[in-house]
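Visitor: One structure is given below, represented as structure tokens, and several questions about it will come after.
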Amino acid sequence: MPEYTVLAVASMVGVVALEGRWRTGIFTSARYWCSMFIVFAFQILVDGWLTKLSDPIVLYGRDQFLGIRFPWDIPIEDFGFGFSMVTLTILLWEHHGRRRKENAR
């Protein structure tokens, strides 16, 4: 399997596993899903511009990813990394906030 794909999948699995361990409840939160919608909307605009095949700014090695591009020439692995980065940030924020409240008691 291509390296970029493996890393994208591993990052998503790791973040979901971390949520399973910490149980912050973000995946059941409408605020989380709303924020993910906003992130992906802007990611499509920016990433689509950066990776468009007609005039790419960012190039991907053909053997490093699956080669599936959707929409507007965006490698699907980019969405996995976007999910992982934003979700990990929110998880860390929520987990740290919980620990802070527990220590204040």
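Visitor: What is the sum of charges around His96, taking Lys and Arg as +1, Asp and Glu as -1, for the other residues whose C-beta is under 15 Å from the C-beta of His96?
Guide: +3
Visitor: Quick check: net charge around Gly48, other residues with Cβ under 15 Å of its Cβ, Lys/Arg +1 and Asp/Glu -1? Write down the numbers at each step before the final one.
Guide: Numbers: positive: Lys52, Arg69; negative: Asp47, Asp55, Asp73, Glu77, Asp78.
Local charge sum for Gly48: -3.
Visitor: At a 1.4 Å probe radius, carbon and sulfur cover how many percent of the accessible area of segment 2-105?
Guide: Carbon with sulfur: 67 percent of the solvent-accessible area.
Visitor: A further question follows. What is the distance in Å between the Cα centres of segment 16-54 and segment 80-105?
Guide: 15
Visitor: Same structure again: Would you list Phe65, Phe37 from the most to the least accessible area, probe 1.4 Å? All intermediate terms of the calculation are to be shown ahead of the outcome.
Guide: Numbers: Phe65 15, Phe37 145 Å².
So the residues, ranked largest to smallest area, are Phe37, Phe65.
Visitor: Over the heavy atoms of Lys101, what accessible area does a 1.4 Å probe trace out, to the nearest 10 Å²?
Guide: It works out to around 140 Å².
Visitor: Hey, what did the chain get for relative contact order, percent, Cα under 8 Å, at least 6 apart?
Guide: Numbers: 76 pairs, mean separation 41.8, N = 105.
RCO, the chain: 40 percent.
Visitor: Something else now. Considering only protein heavy atoms, with the full assembly of protein chains and a 1.4 angstrom probe, order Met85, Met1, Met12, Met36 by accessible area, largest first.
Guide: Met1, Met85, Met12, Met36
Visitor: If I ignore ligands, DNA and RNA and count only protein heavy atoms, how much of Tyr4 is accessible to a 1.4 Å probe, in Å² to the nearest 10?
Guide: 50
Visitor: Please compute the net charge surrounding Ser84, taking Lys and Arg as +1 and Asp and Glu as -1 over other residues with Cβ under 14 Å from its Cβ.
Guide: -3
Visitor: Using only protein heavy atoms and a 1.4 Å probe, report how much of Val58 is accessible, in Å² to the nearest 10.
Guide: 60
The values are calculated or read from the model by the stated rules, or taken from the named source; none is laboratory data. Quick caveat, the model's predicted, so the values are computed rather than measured. Cβ atoms come from the backbone with ideal geometry, glycine included; neighbour counts cover every protein chain shown. All accessible areas refer to the heavy atoms of the entire protein, side chains included, with ligands and DNA or RNA removed. Shrake-Rupley method; radii C 1.70, N 1.55, O 1.52, S 1.80 Å.
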